[in-house]
Amino acid sequence: MRQQKLKYMRSGGMAVLGILLVMSMPLLAMARQSNPKAELNTTQSQGVLAEKVRHELVMLPWYSVFDNLGFQIEGNNTVVLEGQVVRPTLKSDAGNVVKRIEGVTQVVNNIEVLPVSPNDDRIRIAAYRAIYFQPGMWKYRIQAVPPIHIIVDNGHITLVGVVGSQMDKTLAYMAAERVHGAFSVTDELRVHGG
């Protein structure tokens, strides 16, 4: 008799649990609906995460004016790394440092390693000198990470980064165009605040 009563209580308890679960379904559905505060918190947390990722990438020891590192944060805190680097180790270092950031769930490393070329190396140095050593451009040269990045791929120069004025953007482009041996110059510089 006691076993039957215990068995009945167990099955009754499961029935009550099932009823409670069914009754709570509409509440769960309402909680899942779009909540503006929750979306704001997600946006804020992605902004904080973006700052952390940006900081870690800029602090990489071999990151230079000849590399271009970028990223996007997608979905559930997945960081997609993009850009071009001269050294293969910088690509792997960037992926590894971002993986260790709290809140990052996945890293997709789409960074391109530029081909090894003594001619490209010569063009990089010549473009650096042409851009950063002209009058008025010293203010960019003295920064810890100069904001004008010079990407050279098979003789083609791409300028990436941020400058303070349209005049500085034009000066950088014109200086890069005068580099001997460069096949083309693409200007992707942005003007700060513009």
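Taken together, the values in this text are just the output of simple stated rules run on the coordinates, not laboratory data. Note that this is a predicted model, so its numbers are computed, not measured. Don't worry about glycine lacking a Cβ; one is built from the backbone with ideal geometry, like all the others, and counts go over all protein chains shown.
Fewest first, what order do K91, K99 take by the number of other Cβ atoms within 10 Å? Intermediate values should be presented prior to the final figure.
On the way: K91 21, K99 13.
Least crowded to most crowded, the residues run K99, K91.
With a cut-off of 19 Å, note down the residues of the stretch 131-168 whose backbone N falls inside the zone around a label point 7 Å from the Cα of M174 toward its beta carbon.
131-141, 148, 159-160, 163-168
Report the relative contact order of the stretch 36-113, percent, no decimals, based on alpha-carbon pairs under 8 angstrom and at least 6 residues apart.
Numbers: 103 pairs, mean separation 23.2, N = 78.
With pairs under 8 Å counted, the relative contact order is 30 percent.
Full extension from N96 to H55: what is 0.36 nm times the residue separation minus their Cα-Cα distance, to one decimal in nm?
Full-extension gain reported as 13.4 nm.
Just to confirm a number: summing +1 for Lys and Arg and -1 for Asp and Glu over residues other than L114 whose beta-carbon lies under 13 angstrom from that of L114, what do you get?
Here the count lands on -2.
Hey, can you grab everything whose amide H is under 5 Å from the amide H of V108? Only 5+ residues off in sequence or another chain; H modelled, so Pro and N-termini drop out.
V79, V80, L81
Local charge sum around M137 (other residues, Cβ-Cβ under 12 Å, Lys/Arg +1, Asp/Glu -1)? Please report the intermediate quantities before stating the final value.
Details: positive: R129, K139, R141, K169; negative: D168.
Every neighbour counted, the sum reads +3.
Going by amide H atoms built from the backbone, whose H comes under 5 Å of the H on R190, apart from near neighbours?
G161, V162, V163
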